[in-house]
Amino acid sequence: MDGWDQLKSDWLARIGAAADETALEDLRVAALGKKGEISLKMRELGGMSAEDRQVAGPALNALKDEVTTALAAKKAALGDAALDARLRAEWLDVSLPARHRRMGTIHPVSQVTEEVTAIFADMGFAVAEGPQVETDWYNFDALNIPGHHPARAEMDTFYTHRAPGDDRPPHVLRTHTSPVQIRYMEAHGAPTRIIAPGRVYRADYDQTHTPMFHQVEGLAIDRDISMANLKWVLESFFSAYFGTNVRTRFRASHFPFTEPSAEVDIQCSWEGGTVKVGEGNDWLEVLGSGMVHPKVLQAAGVDPSQWQGFAFGMGIDRIAMLKYGIPDLRAFFDSDLRWLRHYGFSALQVPAVHSGV
Ligand code: PHE
């Protein structure tokens, strides 16, 4: 093997062994760069005798061509190998099942509020709302509950704070939805038919009481509305809501804002911690009701010699427990995801009258 062949096989071996593209570039500079071995040899040609140059010239050119070709081939091979490695490392299985995303649920209180609204809307009742922080006038006085009245003490009211020296009566967290009766009649007069669902507050806590709970108020005022209309409306409501005839019990009662007054219970059983409606010997009180007191109409600017009607206030959470067999009211407001998934509703279960949900 002469010197040229040796040089050639050295370079080809080194190029063949280059581990990556950086090493290959270093080799290119060492061979063909300005001060590369082959470039320097080319420069030496000028100082040779004509005979020597005739041998060395073609040999050097051939060497340069072969090294250039080998560099290009190796570069391509390294590039392919790098791409293969990436493809192997970044491989992913597009046939794997997707990661599960859980859908939220509609809270039973929201669902039942929608159900109640749908049923009363079908009977011609509009929906009204009022503030949860209420003046003592709307929550008490206008409803014929004066300052000394025992009903104020019985309500376990939450009072807001007043600055020292401010002697005005404090605002309250409304203890019932009845103030909406006053606000609505003040704004719209008579005749009227509304329900008013919303949050109410009382300092009370056990299996069937929470400090915040939900009521729906009903109010129907016209020239000749009677207690019989009240009974029909409530019984129609319960049979639509429970999807079956439910035994109800109207008990004579007393509220300052209605005269006469009745409390209404629903027949149920409590067995194994579960409540079932329409069977058993227990009764669960679900609402208070009566004929709106003339003083209440007057306080709201409606003439009691011209207009009369009924009102009721029903516990939304109570009737949700009854319909869906939920034993403990406190769990409604614990935000326990397991409870919410179990008792919650799909967003697609939109309530409608007689939809059976
Ligand atoms: N506001 C009463 C309560 O919360 C219920 C009620 C409303 C009673 C309307 C009669 C008429 O207990």
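The values are calculated or read from the model by the stated rules, or taken from the named source; none is laboratory data. Just so you know, these numbers come straight off a predicted model, no measurement behind them. Here the Cβ is made from the backbone with ideal geometry for all residues, glycine too, and neighbour counts use every protein chain on show. Heavy atoms of the whole protein, side chains included, go into the accessibility calculation; ligands, DNA and RNA do not. Shrake-Rupley method; radii C 1.70, N 1.55, O 1.52, S 1.80 Å.
Listed values, structure above:
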read-out	value
Kyte-Doolittle mean at least -1.0, axial Cα span of 24 Å or more - DSSP H helices of the chain	50-89
Where Met48, Met155 fall by accessible area, highest first, once all protein chains stay in place (1.4 Å)	Met48, Met155
Charge-dipole axis of the range 3-89 as Lys and Arg at +1 and Asp and Glu at -1 on Cβ define it, positive-most pick from Ile38, Gly3, Val55	Ile38
For the chain, size of Cβ-based charge dipole, Lys and Arg +1, Asp and Glu -1, in debye	360 debye
Range of Cα positions in the chain per principal axis (Å), largest first	137, 56, 36
Relative contact order (%) - criterion: Cα under 8 Å, at least six apart; region: the range 108-343	21 percent
Of Thr113, His100, Val67, farthest towards positive along the dipole that unit charges on Lys, Arg, Asp, Glu beta carbons give the range 67-125	Val67
Point-charge dipole on Cβ atoms (K/R +1, D/E -1) for the range 73-225, about Cα centre, debye to 20	1040 debye
Heavy-atom accessible surface of the chain: percent carbon and sulfur, 1.4 Å	53 percent
Whole-number Å³ per residue for the convex hull built on Cα positions in the range 1-129	245 Å³
Peptides ranked, highest mean first, by Cβ atoms within 10 Å: ranges 63-76, 160-173	63-76, 160-173
Unit charges at the beta carbon, dipole of the range 108-343: most positive-side option, Ile221, Ala240, Gly272	Ala240
Mean Cα-pair separation over length for the range 239-296, i.e. relative contact order, pairs under 8 Å, 6 or more apart, %	32 percent
Electrostatic dipole magnitude of the range 3-89 [Cβ: Lys, Arg +1; Asp, Glu -1; Cα centre; debye, to 20]	220 debye
The chain - accessible surface per residue (Å², probe 1.4 Å)	55 Å²
Cα gyration tensor shape for the range 308-356, rounded if a/c is under 1.5, else prolate or oblate	oblate
